[in-house]
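To start, the structure itself, in structure tokens.
The values are calculated or read from the model by the stated rules, or taken from the named source; none is laboratory data. Note that this is a predicted model, so its numbers are computed, not measured. Glycine also receives a Cβ, built like all others from the backbone with ideal geometry; neighbour counts cover every protein chain displayed.
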Amino acid sequence: MLQRELVNAAKAESRDLLIALHGLGDSMEGYRFLPQVLRIPRLNVLLVNAPDAYYGGFSWYDFAGDPGPGVERSYRALELLLEDCETDVQCHAAFPQIRQDWQNVLAQLGREPARTQYSPPDKSAPVTVEIQRDVFAEKVRTMMYGEDKARRIPFMVHRAATGDFAPFLQEAIKPSIPDFIADGMYLSVTCAEDVPFIDQAEAAKLNAGNPFGNYRVFQQTRACGLWPRGYVPPEFQGPVSSLVPVLIFSGFLDPVTPPERGEEVAKYLPNSRHVIIPHGGHGVEGLTSVDCVDRLIMEFLHSGDVKSLDTSCMETMRPPPFATK
């Protein structure tokens, strides 16, 4: 049985239900206020944690004992990004050999870490920074979560392939998702619910030919070896099924929970509708017309009907142009 919590509606006897599916690394605390903020007194909210660990992210119904699908997600997202650059006139003109650039920088860093000068934004004295291959690849992976950062990856990779890591450092040292997560809470959750289900030998085998390597698995496992671990019952990973209406969103470019994961969720929710954001990542950062998602959510919450939603506004959610300088 999945970890879950029901926030009861203010209106007694209401049967209207919103199911909030979210990652294991997220706290439920931020969702408990939804009925009050949305001002829908008839709304019950069921909070449900995702069951599947994915080396720094969390997803639905790829059970953690099989790391293969998770490895493939990041590679798929990178391939789509490079293909997009190759078909974009300006990006291709600026970086005509972007795949070779990516391979070259990984090979260079694999032979020897790069050492470069970094000037902090506070104008303090420059410092020498060492950039290792696996750290570089992991930072690129996390940048693919949102299109605001993803569209700068070809530029950073191209410059890094020439030995200039300044653009990469400028992005990598900025605050990012991990900076806003409490490390103790994150380890308490993932070390109990995720890492114990990873087959280490299988993960290493699957990651051997992956550009992101086995760095994330190794570091996560190492950290959990130093952290107290709670107990997770065997039924924890069971799927959730329901007849209530559910609206499911997926980002086509998501490196963590791509559309096929949404389709898997929908199999257990027969009255659901799966909406794919064509240029969406793990979120909608950097896209235009992001209010489209908000409007659809509010319309669904007020009507309780997913079938009649007009999702044509998804086509107006466009990514920013690729950075070329």
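Conditions (1) part of a loop (DSSP other than H, G, I, E, B); (2) touching a Gly at 6+ places or on another chain (Cβ under 7 Å), marked per residue:
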position: P121; (1), (2): yes, no
position: V129; (1), (2): no, no
position: V140; (1), (2): no, no
position: Y145; (1), (2): yes, yes
position: V157; (1), (2): no, no
position: G163; (1), (2): yes, no
position: F168; (1), (2): no, no
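Checking I98 against (1) surrounded by 17 or more Cβ atoms within 10 Å (Cβ to Cβ); (2) modelled with pLDDT under 95: exactly one of these is not met. Which one? Condition not satisfied by I98: (2).
Among the criteria (1) farther than 30 Å from I276 by Cβ; (2) without any contact (Cβ under 8 Å) to a residue 40 or more places away in the chain; (3) crowded, with 19+ Cβ neighbours inside 10 Å, the one L187 does not fulfil is (2).
Inspect all residues belonging to region 213-220 and state whether any of them is in a loop (DSSP other than H, G, I, E, B) and either in contact with a helix residue (DSSP H, G or I) (Cβ under 9 Å, 6 or more places away or on another chain) or under 30 Å from G184 (Cα atoms) (or both). Even if it seems obvious, please write down each step before you answer.
Step one: filter region 213-220 for residues in a loop (DSSP other than H, G, I, E, B), giving 213-214.
Narrowing the set further to residues that are either in contact with a helix residue (DSSP H, G or I) (Cβ under 9 Å, 6 or more places away or on another chain) or under 30 Å from G184 (Cα atoms) (or both) leaves 213-214.
Looking through region 213-220, at least one residue is in a loop (DSSP other than H, G, I, E, B) and either in contact with a helix residue (DSSP H, G or I) (Cβ under 9 Å, 6 or more places away or on another chain) or under 30 Å from G184 (Cα atoms) (or both).
Those residues that are farther than 18 Å from L109 by Cα, at pLDDT 90 or above and of a type in the set (K, R), I need them from region 121-180; list them, please. The answer is K149, R151, R152.
For region 1-60, a residue qualifies if it is touching a Lys or Arg at 6+ places or on another chain (Cβ under 8 Å), modelled with pLDDT under 75 and among the hydrophobic types (A, V, I, L, M, F, W, C), and the qualifying residues are V48, W60.
Would you check if G230 is touching a helix residue (DSSP H, G or I) at 6+ places or on another chain (Cβ under 7 Å) and within 30 Å of M314 (Cα to Cα)? Let's see the steps before the verdict.
Details: touching a helix residue (DSSP H, G or I) at 6+ places or on another chain (Cβ under 7 Å): yes; within 30 Å of M314 (Cα to Cα): no.
For G230, the condition - touching a helix residue (DSSP H, G or I) at 6+ places or on another chain (Cβ under 7 Å) and within 30 Å of M314 (Cα to Cα) - is not met.
Restricting attention to region 236-261, the residues being closer than 18 Å to L47 by Cβ and part of a helix (DSSP H, G or I) number 2. Filtered by the rule that a residue be under 13 Å from W227 (Cβ atoms) and not hydrophobic (A, V, I, L, M, F, W, C), region 188-202 gives S188, T190, E193, D194, P196. In the set (1) exposed (fewer than 15 other Cβ atoms within 10 Å of the Cβ); (2) closer than 22 Å to F95 by Cβ; (3) of a type in the set (A, V, I, L, M), L243 fails one condition alone, (2).
Restricting to region 191-212, count the residues that are without any contact (Cβ under 8 Å) to a residue 24 or more places away in the chain and either in a loop (DSSP other than H, G, I, E, B) or under 21 Å from V105 (Cβ atoms) (or both). If you could, list the steps in order and put the result at the bottom.
First, the residues of region 191-212 that are without any contact (Cβ under 8 Å) to a residue 24 or more places away in the chain: 200-201, 204-205, 208-209.
Okay, now just the ones that are also either in a loop (DSSP other than H, G, I, E, B) or under 21 Å from V105 (Cβ atoms) (or both), so 208-209.
Result for region 191-212: 2.
Assess whether R76 counts as being modelled with pLDDT of 90 or more, in a helix (DSSP H, G or I) and either surrounded by 18 or more Cβ atoms within 10 Å (Cβ to Cβ) or not small (G, A, S) (or both).
Details: modelled with pLDDT of 90 or more: no; in a helix (DSSP H, G or I): yes; either surrounded by 18 or more Cβ atoms within 10 Å (Cβ to Cβ) or not small (G, A, S) (or both): yes.
Criteria not met by R76.
Looking across region 279-325, just one residue is farther than 27 Å from C91 by Cβ, of a type in the set (A, V, I, L, M, F, W, C) and within 21 Å of the chain's Cα centre (by Cα), and that is I297.
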